[in-house]
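One structure is given here, and the rest of the page talks about it.
The values are calculated or read from the model by the stated rules, or taken from the named source; none is laboratory data. Just so it is clear, the structure is predicted and the values come from calculations on it, not from any experiment. Cβ placement follows ideal geometry from the backbone for every residue including glycine, while neighbour counts extend to all protein chains displayed.
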Amino acid sequence: MDDPGEVESALRGTVLDGHRVEEGLGGTLLVADVDPGDVVSAWRAAHGALALTDRWPVFTEEGQLYNEPTRGDLDELDRAARSVDPWPELLRPADAEPINQDRFERYVTACVGADRVPEAAARLGLSTSLAALDRWVYDTLLADPALAQRSRPWFERLIGPGNWFRPDRIQLVLLPTPHQWLTPAFTSYFGAHSDRIWAAAMYQWHRRWDARLVACWGTMLQFFVGQRPEPGEPAWELAGQIMGLGGSLQEERWMHAMAVAESDAWFLHDRP
C-alpha cells in the first residue's frame, strides 16, 4: 500500500485506529502521534496488518530517517543480506589471555559460589582464560538446575522487553518493503559495521529464530522473537552473535546464553 488513506483503513480496529498516516522520506509512511509508552502495542498492531500494507513497521527516534534508496539499492541490499556471512566480521575474538588466581576465584565465587572454586580449578587450571571460564560457568549452570536458579538474578533482567529503551520523541515508520532486513537502507545503527553486515545478520536471525525488528534507536536495536534457541550450543552461539552486533552490552556471554533460551525479546546496544 502506498496511499496513506488506505493504510489508515488497514489499521482501523487496532490501537492505531484514528492515527494519521503521512508520507515520509524514501517512500516510507509515518504513523503520527504514537505515545512512547505504547511502542509494543502499536508495533504489534502495525505488524498484524503487514499482510495488508506490505510494509514492515519499525520505530525510530523522531527524524531518524536518513536515506532515499532506489529500488535498485533495495534489491542490491536484499541480495547481500541473503548471501553475506556477517559473523566473521561481527563476532568478538575470544579472550585467550590467562587470568590471575585472584580474579579467577572472585569470578567463580560471584557467578556460582565459592564452593565451586576447587572444581573449576581442577577442570580448567588456575591460568585459564576468561573465555574458557565463561563457558565453564554456562555448562555448570546447565548441568545443575538448582544452581542455575540461584544464579538467576545475574541474567533475569535480560529476559523479555522489560529492559528496553524508551525515547521521548518517536516515530512509527512503515517501510516500503515487507522485509525487515532492508531497514539499514533507511536508517542507521552504530554497531552495524556496514549496511550489508547488519542486513545479513537480521536476515539470518529472521530465518532461524523468527526475530522481528521492533525498534532502531540509533545505538540500540529491539526485537521480538518467535523461536527460542535450545539451551546449550544453540543458545551459546546466539549469545555470541548478539554480543557481536551489540558491542556495548556489558553482561557476560553465559548470562545472555541463559536469557535467550527463555526470552521472547532481545535488546542490543552499541554506542561510540
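For A146, the conditions (1) of a type outside the set (V, I, T); (2) surrounded by fewer than 14 Cβ atoms within 10 Å (Cβ to Cβ); (3) in contact with a strand residue (DSSP E or B) (Cβ under 6 Å, 6 or more places away or on another chain) all hold with the exception of (3). Look at (1) without any contact (Cβ under 8 Å) to a residue 60 or more places away in the chain; (2) touching a Phe, Trp or Tyr at 6+ places or on another chain (Cβ under 8 Å); (3) farther than 17 Å from P93 by Cα; (4) crowded, with 17+ Cβ neighbours inside 10 Å and you find that A235 fails only one, number (2).
Among the residues of the stretch 32-56, those that are surrounded by 15 or more Cβ atoms within 10 Å (Cβ to Cβ), under 18 Å from G18 (Cβ atoms) and aliphatic (A, V, I, L, M) comprise V34, V39, A42, A45, A46, A49. Only a single item in (1) surrounded by 15 or more Cβ atoms within 10 Å (Cβ to Cβ); (2) under 30 Å from E252 (Cβ atoms); (3) touching a helix residue (DSSP H, G or I) at 6+ places or on another chain (Cβ under 6 Å) is not met by E89, and it is number (1).
Results for (1) in a loop (DSSP other than H, G, I, E, B); (2) in the same structural domain as R207 (by TED's automatic domain parsing); (3) buried (at least 17 other Cβ atoms within 10 Å of the Cβ), shown as yes or no for each residue.
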position	(1), (2), (3)
G72	no, yes, no
D78	no, yes, yes
C111	no, no, yes
D115	no, no, no
A122	no, no, no
V137	no, no, yes
T140	no, no, yes
P153	no, no, no
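Scanning the stretch 227-247 for residues that are under 19 Å from G162 (Cβ atoms) and not in a helix (DSSP H, G or I) yields R228, G246.
Hey, can you tell me all the residues within the stretch 155-179 that are buried (at least 20 other Cβ atoms within 10 Å of the Cβ) and either within 30 Å of E97 (Cα to Cα) or under 16 Å from the mean Cα position of the chain (by Cα) (or both)? If the condition is that a residue be buried (at least 20 other Cβ atoms within 10 Å of the Cβ) and either within 30 Å of E97 (Cα to Cα) or under 16 Å from the mean Cα position of the chain (by Cα) (or both), then F155, L158 are the ones that fit. Determine whether D85 is assigned to a helix (DSSP H, G or I) and in the same structural domain as W181 (by TED's automatic domain parsing). Against the criterion (assigned to a helix (DSSP H, G or I) and in the same structural domain as W181 (by TED's automatic domain parsing)), D85 does not qualify.
Just one of the listed residues (R44, R71) is over 22 Å from the mean Cα position of the chain (by Cα) and basic (K, R), and it is R71.
Of the candidates E68, E97, E76, E119, the single residue that is out of contact with any strand residue (DSSP E or B) (no Cβ under 9 Å at 6 or more places or on another chain), within 25 Å of H256 (Cα to Cα) and not polar (S, T, N, Q) is E119.
Residues in the stretch 198-211 that are surrounded by fewer than 22 Cβ atoms within 10 Å (Cβ to Cβ) and in contact (Cβ under 8 Å) with a residue 40 or more places away in the chain: Q204 alone.
Note on the stretch 238-260: residues that are within 23 Å of L147 (Cα to Cα) and either touching a residue at least 60 places away in the same chain (Cβ under 8 Å) or buried (at least 20 other Cβ atoms within 10 Å of the Cβ) (or both) total 13.
Q250 - would you say it is of a type outside the set (A, V, I, L, M, F, W, C), out of contact with any Asp or Glu (no Cβ under 6 Å at 6 or more places or on another chain), part of a strand (DSSP E or B) and not assigned by TED's automatic domain parsing to the domain that holds T140? So Q250 does not fit the description; no. Checking T60 against (1) under 20 Å from the mean Cα position of the chain (by Cα); (2) assigned to a helix (DSSP H, G or I); (3) closer than 30 Å to V7 by Cβ, only one condition comes out false. Which one? Condition (2) is where T60 drops out. Of all the residues in the stretch 1-31, those that are in a loop (DSSP other than H, G, I, E, B) and either surrounded by 13 or more Cβ atoms within 10 Å (Cβ to Cβ) or of a type in the set (D, E) (or both) number 11.
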